[in-house]
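One structure is given here, and the rest of the page talks about it.
The values are calculated or read from the model by the stated rules, or taken from the named source; none is laboratory data. Being a predicted model, the structure only gives us computed values, none of them experimental. Cβ placement follows ideal geometry from the backbone for every residue including glycine, while neighbour counts extend to all protein chains displayed.
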Amino acid sequence: MLSDWDVPVKEVLPLSVGDLDRAQSGHLGLIASGHSVPQTPRELHVSERTTTRLTAALLRSLRVSSRAEAASLAGRFGLLDD
């Protein structure tokens, strides 16, 4: 039986930073830097509903189920611009 660490990264990680569009990359950066759900729409200058939809789309793209998982994945695999 393979553990998560025995699976090649390309099979675990669905995309790279180049696969994220500018909005997704910025949104992921806010999530990873610890911005709360209410802070994020203010930073992105969009409505809370738009932020909810952006977050859901980002989580689907990353194949994760929470903001915490997205932040962890971003840190582990270097999905954020320096």
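Figures for the structure shown
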| read-out | value |
| --- | --- |
| Segment 20-64: number of residues that are touching a Pro at 6+ places or on another chain (Cβ under 8 Å), in a loop (DSSP other than H, G, I, E, B) and not basic (Lys, Arg) | 1 |
| Close pairs from segment 13-26: first closer than 12 Å to residue 62 by Cβ and at pLDDT 80 or above, partner surrounded by 13 or more Cβ atoms within 10 Å (Cβ to Cβ) and β-branched (Val, Ile, Thr), Cβ under 7 Å, at least 6 apart | 25/17 |
| Count of segment 43-74 residues which are touching a Ser or Thr at 6+ places or on another chain (Cβ under 9 Å) and among the basic types (Lys, Arg) | 1 |
| Failed item, numbered, when residue 10 is tested on (1) at pLDDT 85 or above; (2) not in a loop (DSSP other than H, G, I, E, B) | (1) |
